[in-house]
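For reference, the structure discussed in these notes is given below.
The values are calculated or read from the model by the stated rules, or taken from the named source; none is laboratory data. From a predicted model like this one, the values you see are computed outputs, not experimental measurements. All Cβ positions, glycine included, derive from the backbone under ideal geometry; neighbour counts span all protein chains shown.
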Amino acid sequence: MGFDLDTVRVSALPDGAFYISDFVTEDEEDWLAQKVTSAPLPRWTQLSHRRLQTWPSALTKNNTLLACPLPAWLESTIGPRFKDLGIFNDAPHQAPNHVLINEYQPGQGIMPHEDGAAYYPLVATVSLSAPIVFDIYEKYGPEQGQGQESTGGAAAQTARRPKPKYRILQERRSLLITRGEIYTDFLHGIAEVTKDEELGPDSICNWDLLREKEAYRDGWYERKTRISLTYRDVLHVTKVGNAMKFLGGR
Ligand SMILES: O=C(O)CCC(=O)C(=O)O
Ligand SMILES: [Fe+2]
């Protein structure tokens, strides 16, 4: 029988968020983080407030993926676990075909944004190396965020940061799944701070699902370098041959 996602639902949130605190082991975490950090420098895109790897490649201008399998190291440990969870069963390719990897140094983050229409509306995020607080904002509220930051780009975001409506603490080795209303009706972001503060059962939506509540007993922690692997299913995929035809080749 499959895993019952209901047991890891973030019930303080609108529909569509699930949190598994120990999704990868410590050894797997070390191995994955080593794979990420040892990628050749050109693999990284340096953005103003984080750096990014895009696997297997960036989408074309019309949000299409050139067909290519994910590298084995992103697939071998994690792919079978997604299958057990069944989270991509209803997605067009029944599995993720695209992974954006973000690395945040202390003081770095990502402005409130939505992930947009290129993807099946589900993101599965594996966190490595350090915890971080993930903020969720109302899209249409008075405290409205700044709309869309294309996930691959360095959108200039200058407006003041609004107050998050909900906060999720992502521990190292955890999996956060966002889909449904949380994906489509809200914005998300990560504050550019060197400390995450005001942590507790009233402010952190997934407090009951945390693995190491004691670590946050004082209500704060210092940020350390944190890596996220964000798995998605790109809706439109084309074979390279077709893309060549489109470009005028034969
Ligand atoms: O690092 C994260 O957990 C979130 C990253 C994100 O929102 C994105 O890559 O679209
Ligand atoms: Fe995002």
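For region 104-122, which residues satisfy the criterion of being touching a helix residue (DSSP H, G or I) at 6+ places or on another chain (Cβ under 8 Å) and either at positive phi or more than 10 Å from ligand 1 (Cβ to nearest atom) (or both)? Within region 104-122, Pro121, Leu122 qualify. Scanning region 116-142 for residues that are in a loop (DSSP other than H, G, I, E, B) and under 15 Å from Ser228 (Cα atoms) turns up Ser129, Ala130, Pro131. Annotation note: of Lys139, Lys165, the sole residue that is over 24 Å from Leu65 (Cα atoms), away from ligand 2 (no atom under 11 Å from the Cβ) and at pLDDT 90 or above is Lys165.
Tell me which residues, restricted to region 54-67, are closer than 13 Å to Ile101 by Cα, surrounded by 15 or more Cβ atoms within 10 Å (Cβ to Cβ) and of a type outside the set (Val, Ile, Thr). It would help to see each step written out before you state the result.
Of the residues in region 54-67, the ones closer than 13 Å to Ile101 by Cα are 54-58.
Now narrow it down to the ones that are surrounded by 15 or more Cβ atoms within 10 Å (Cβ to Cβ): 54-56, 58.
Correct list: Trp55, Pro56, Ala58.
For region 68-76, the criterion of being at pLDDT below 95, surrounded by 15 or more Cβ atoms within 10 Å (Cβ to Cβ) and not aromatic (Phe, Trp, Tyr) is met by none of the residues.
Of the listed requirements (1) surrounded by fewer than 20 Cβ atoms within 10 Å (Cβ to Cβ); (2) more than 21 Å from His236 (Cβ to Cβ), Asn102 misses just one: (1).
Determine if region 28-39 includes at least one residue that is free of Cβ contacts under 8 Å to residues at least 12 places away in the same chain and under 22 Å from Val234 (Cβ atoms). No, region 28-39 has no match at all. Where strands (runs of 3 or more DSSP E) fall entirely within region 44-95, those with at least 2 residues that are touching a strand residue (DSSP E or B) at 6+ places or on another chain (Cβ under 7 Å) and under 21 Å from Leu235 (Cα atoms) are at 51-55, 64-66.
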